[in-house]
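To start, the structure under review is shown below, and the notes come after it.
The values are calculated or read from the model by the stated rules, or taken from the named source; none is laboratory data. These figures come from a predicted structure and were not determined experimentally. Reconstructed Cβ throughout: ideal geometry from the backbone, glycine too, with neighbour counts over all protein chains shown.
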Amino acid sequence: MKVLFVCMGNICRSPLAEGHFRQLLTERAGHLGISVDSAGTYGYHAGSPPDPRAQEAASRRGLDISMLVARSVIESDFARFDYILAMDQDNLADLLEKADPAYHDRIRLFLDYSPAHAGLDVPDPYYGGKTGFERVLDLIETAADGLLAELEHPMTGKKPDPR
């Protein structure tokens, strides 16, 4: 099983989601053999590390995302990943536009895995302050628990509506 988290530039939200979900898997579900990656719908920051504010917020929660490197979604990602999870509606629309319709069922909104936030966006904290990154991590943690529940119990786990 392979999971790809996607935001616009791959320096804030998606690397935070990748880092948190990777740690969650290590702590609770390493036996599942799930691989995790992140990417952006645009290549503005390709080759760059995560935003320093994202790294600081992650570090405060015991996550090290400093080794991650921003990249853009490429065509082969749609076939390679089982779950392609967009951080917001704009990125969801971009992914659906780029992907062959055969892969649309793999593309979902990440917060659909959080019943309290289904259909909502993980807000982009890039132009805000430190509290925005903390809010993003709160949302990521909640949705990650729902995603893990589905991956652990695919027959009983609740699948969100693909939009």
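For segment 76-117, what are the residues that are of a type outside the set (D, E, K, R), in a helix (DSSP H, G or I) and closer than 20 Å to Arg13 by Cα?
Passing the criteria: Phe78, Gln89, Asn91, Leu92, Ala93, Leu95, Leu96, Phe110, Leu111, Tyr113.
For segment 118-138, enumerate the residues that are in contact with a strand residue (DSSP E or B) (Cβ under 9 Å, 6 or more places away or on another chain) and either under 15 Å from Met8 (Cβ atoms) or of a type in the set (Gly, Ala, Ser) (or both).
Those that are in contact with a strand residue (DSSP E or B) (Cβ under 9 Å, 6 or more places away or on another chain) and either under 15 Å from Met8 (Cβ atoms) or of a type in the set (Gly, Ala, Ser) (or both): Ala118, Gly119, Asp121, Val122, Asp124.
So which residues in segment 17-73 are polar (S, T, N, Q) and touching a helix residue (DSSP H, G or I) at 6+ places or on another chain (Cβ under 6 Å), if there are any at all?
If the condition is that a residue be polar (S, T, N, Q) and touching a helix residue (DSSP H, G or I) at 6+ places or on another chain (Cβ under 6 Å), then Ser38, Thr41, Ser66 are the ones that fit.
For (1) assigned to a strand (DSSP E or B); (2) at pLDDT 95 or above; (3) under 11 Å from Ser72 (Cβ atoms), each residue gets a yes or a no:
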site	(1), (2), (3)
Phe5	yes, yes, no
Gly9	no, yes, yes
Pro15	no, yes, no
Gly19	no, yes, no
Val36	yes, yes, no
Tyr44	no, no, yes
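Over 14 Å from the mean Cα position of the chain (by Cα) and of a type in the set (Val, Ile, Thr): does that describe Ile74?
Judged against the criteria, Ile74 is a match.
Could you run through segment 46-75 and say how many residues are more than 25 Å from Lys130 (Cβ to Cβ) and either among the acidic types (Asp, Glu) or in a strand (DSSP E or B) (or both)?
So the answer is 2.
Kindly provide the set of residues from segment 120-135 that are assigned to a loop (DSSP other than H, G, I, E, B) and modelled with pLDDT under 95, ordered by number.
Tyr126, Tyr127, Gly128, Gly129
Looking only at residues that are out of contact with any strand residue (DSSP E or B) (no Cβ under 7 Å at 6 or more places or on another chain) and closer than 16 Å to Asp145 by Cα in segment 73-117, which one is surrounded by the fewest Cβ atoms within 10 Å (Cβ to Cβ)?
Only one residue tops the list, namely Ala116.
So if I check each of Gly43, Gly33, Gly62, Gly47, which one is under 16 Å from Glu152 (Cβ atoms) and surrounded by fewer than 19 Cβ atoms within 10 Å (Cβ to Cβ)?
None of the other options fit; the residue is Gly33.
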